[in-house]
Structures are given as structure tokens and as C-alpha cells.
Amino acid sequence: MIRVVIVDDHDLVREGIRAILEQDPAFEVVGETGDGQEAIRLATRLRPDVLLMDVSLPGGIGGLEATETIVADCPGSKVIILTQYENREYIKRAIRIGARGYLLKRSVAAQLKEAIKAVHAGQRYLHPLVAEELVDLVTTGRSLEEDDYDRLTPREKQVFKLLAEGKTSREISKYLSISLKTAMTHRTNLMTKLEMHSRAELIRYAIRKAIISVEEP
């Protein structure tokens, strides 16, 4: 039996996925959450075989940030990105940080089950449209190598996302349970690494890199 954790901030989506998987004795849903921090805690405590991870999650730890931590700290747990976005930045980052699958929410139930089984067996699984995007990146010579954002520490990435969402340093310190001084230090360090000088510049970069969507602040 494949033990699965579902991570999505929409209750109806989680309920739908759970209903699909619980109809099949090959799967057991052992946990679910809509929060990136809680996803990391669940992965650490439950050690599931597979996590289905949405990209767009509220707060400083989005789906990709959570995936990066889980891949590093829980190598036995494989992550499948399950999202509505075909954005190339999401796809490139997901592959770079170690996600084993990338599935679009338009997928049918059979694809979802196939993806989980494939990833659990040690394979990769990419939605056909995502595979096409990767092929196009390779054939056009576009790089999957790290950029400046990928060189930020995991904590700096969390602070970056919260800043892009409009949070103040004080709000960030409270959310991440760190001191105000530490939050401000992370802010200074990441702005220096990215050669940025204003929040407006940071937000434009975050949207371009698909760290936040245009719907977010």
C-alpha cells in the first residue's frame, strides 16, 4: 500500500483527491494540509511514500519551498507537484529541487494513480504538456541550471516570498518564529545577493520567477 499525504490549500481539492485514492486499496491517505510548514511537519512525522504538493500555498513556505526541504530532510518521501500551472519557471524549479513528478490538475484520476505508482517505484512522471515544455527548453538551448534565486538559503527564500506578499519584517519574524533582527538580516542578505534595492523591484522579480502569482499582493 502506498502512503500518501495531500498538500493543497483548497479543502474541496483535498477532499476530491482523497475520495479518488480511497476508492483504490493500493493507496492510503495518511495526512493532508493546506499549509507548507505543516506539510514539512507531516513529512517528518509520518514519512509518507508520496506527497502530492500544490505550488501555490499561502505564507512563506510555498509548495516548492516545502518540497525543497522535504527532499533534503525526508529522502524516502517522494514529491509530485500537482498544480494548475504550466509555467516554465515552476517546472524548472520543481525539477531542480528534486520533485519526482509534475502533474496538472486537469489530469484524470487514472493519471493521478499512475503518477503516484510510478514515482513510488523510483521513476519520474511528467504530465505530457509539462514534458513538452521541458523538451522545448532543451531544444531551444535554455538552461535548467541554477540562477541567483536558487542560491538563496531556504530561510532566505521564505523571507523573500513573504516580502513579495507584502509582509513587514515584524510580521515575517512572527510568522517564522524568528527575532526581528534575524528577519531584517535575512532581508538585507537576500536583497544583496539578488542586487535589489526596493520592494517594488523584488515583487516584479517574484512575479517573473513565478514565486508569487499575479493574483497575490
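The values are calculated or read from the model by the stated rules, or taken from the named source; none is laboratory data. Here the structure is a predicted model, which means the values were calculated and not measured. Backbone-built Cβ (ideal geometry, glycine too); neighbour counts: all protein chains shown.
If the requirement is being β-branched (Val, Ile, Thr) and under 19 Å from Arg41 (Cα atoms), which of these qualifies: Ile81, Ile95? Result: Ile81 is the single residue among Ile81, Ile95 that is β-branched (Val, Ile, Thr) and under 19 Å from Arg41 (Cα atoms). Filtering the range 99-116 for residues that are closer than 24 Å to Tyr205 by Cα and either not assigned by TED's automatic domain parsing to the domain that holds Gly36 or not hydroxyl-bearing (Ser, Thr, Tyr) (or both) leaves a non-empty set.
The criterion of at least 1 residues that are surrounded by fewer than 20 Cβ atoms within 10 Å (Cβ to Cβ) is met by the following strands (runs of 3 or more DSSP E) wholly inside the range 1-119: 2-7, 27-33, 101-104.
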